[in-house]
1. May I ask you to verify whether residue 164 is modelled with pLDDT of 95 or more, among the hydroxyl-bearing types (Ser, Thr, Tyr) and within 30 Å of residue 57 (Cβ to Cβ)?
2. Identify the single condition in (1) crowded, with 18+ Cβ neighbours inside 10 Å; (2) at pLDDT 90 or above that residue 134 does not satisfy, given that it satisfies every other one.
3. In region 223-246, which residues are of a type in the set (D, E, K, R) and assigned to a helix (DSSP H, G or I)?
4. Please go through (1) modelled with pLDDT under 95; (2) over 17 Å from the mean Cα position of the chain (by Cα) for residue 154 and return the number of the only condition it doesn't satisfy.
5. Looking only at region 90-99, how many residues end up being over 12 Å from residue 125 (Cα atoms) and either of a type in the set (A, V, I, L, M) or not in a helix (DSSP H, G or I) (or both)?
6. Has region 247-255 got any residue that is part of a helix (DSSP H, G or I), among the β-branched types (Val, Ile, Thr) and over 24 Å from residue 69 (Cα atoms)?
7. Can you go through 180, 168 and tell me which one is surrounded by 14 or more Cβ atoms within 10 Å (Cβ to Cβ), touching a Phe, Trp or Tyr at 6+ places or on another chain (Cβ under 6 Å) and of a type in the set (A, V, I, L, M)?
Amino acid sequence: MIVGVLVGAVALTWGLTYVVLRVGMQASPPFFFAAARTILGGLLIVATALALRRRFPLDLRAHGLLALGGVLNYSMFYGGLNYGVLHLPAGLTALLNYTAPFWIAGLARAFLGQPLGPQRISGLVAGFFGVVLIVSDRLFVGFDPMWEAQAAVLLAAFAWGAGSVFFVRYNSGVPLEWAVGLQSLYGSLPLAILWLIAEASGLPDPTWSFWGALAFSVLLSSFLAQLAFFSLLRRREATIVGTYMFLVPAVASVSGFVILHESFTLVSALGGVAVIGGIYLVNQTDKWSFSK
């Protein structure tokens, strides 16, 4: 029951975030927005840790590991993804980004010893194929093959996968709220530097759409969903959690149809079915798994 609630919170929140950002980010420099949502979300999580009286980690090594996790999960992820959003079609960006579950599965097998067999691989392929169907009408709209932008998004996806596995392996002894909040704050620092250098300290237009998008991203995406996602990583195997993330483009597609009146086709619906089927396969016991 708890796992289902956490999965729903992450998928619904991150799916809606894609829709919200398409409206609100038009008024803001991307790296400013990324840094602002990460700093403010991290501060909210730290405030939660203080309110719940969670034990603050005093070990300097723990803070070093949290800082490295912040670079992977926030600096590299948001930096690469935002660069890709600026230069690639939305569908292609989403497709490259959602190679992350494959990275999570492979790295979890290599560094956590978690099983990865034919059934789980089939589930991952089915889920990814579902994402392909969902974003197929937005893959190559106005496409200019900027290979560096595609590489940046792939690097972001790898960082997401590596950061997820890193969190499980090295941050398990730190209370959840401190682990998530501190790595968010540490990860925001390189993003702030990128804003200062790459965007020349440019500020957003203070429109209602910007404030609405920022508030949604901070309160729900950077606060609620981040806590839920990393809590899931402590409750279920990383490969299973990664596969759940295929739900996010499906939720984004439905949300875009309902909120922005975007098209939702039979192909998109079939993609959603493939995603659900893939998640089902990965969650089943695989007696042929390549476990240690």
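1. Details: modelled with pLDDT of 95 or more: yes; among the hydroxyl-bearing types (Ser, Thr, Tyr): yes; within 30 Å of residue 57 (Cβ to Cβ): yes.
In short, yes.
2. It is condition (2) that residue 134 fails.
3. As a first pass, look at region 223-246 and keep what is of a type in the set (D, E, K, R): 234-237.
Listed by number, the residues that qualify are 234, 235.
4. (2)
5. Residues that pass the stated criteria total 5.
6. yes
7. After ruling out the rest, the residue left standing is 180.
Residue-by-condition table, conditions (1) under 30 Å from residue 28 (Cβ atoms); (2) surrounded by fewer than 24 Cβ atoms within 10 Å (Cβ to Cβ):
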position	(1), (2)
56	no, yes
69	yes, no
81	yes, yes
93	yes, no
105	no, no
115	no, yes
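The values are calculated or read from the model by the stated rules, or taken from the named source; none is laboratory data. Not measured: the values here are computed from a predicted model. Using ideal geometry, Cβ is built from the backbone for each residue, glycine included, and neighbour counts are taken over all protein chains shown.
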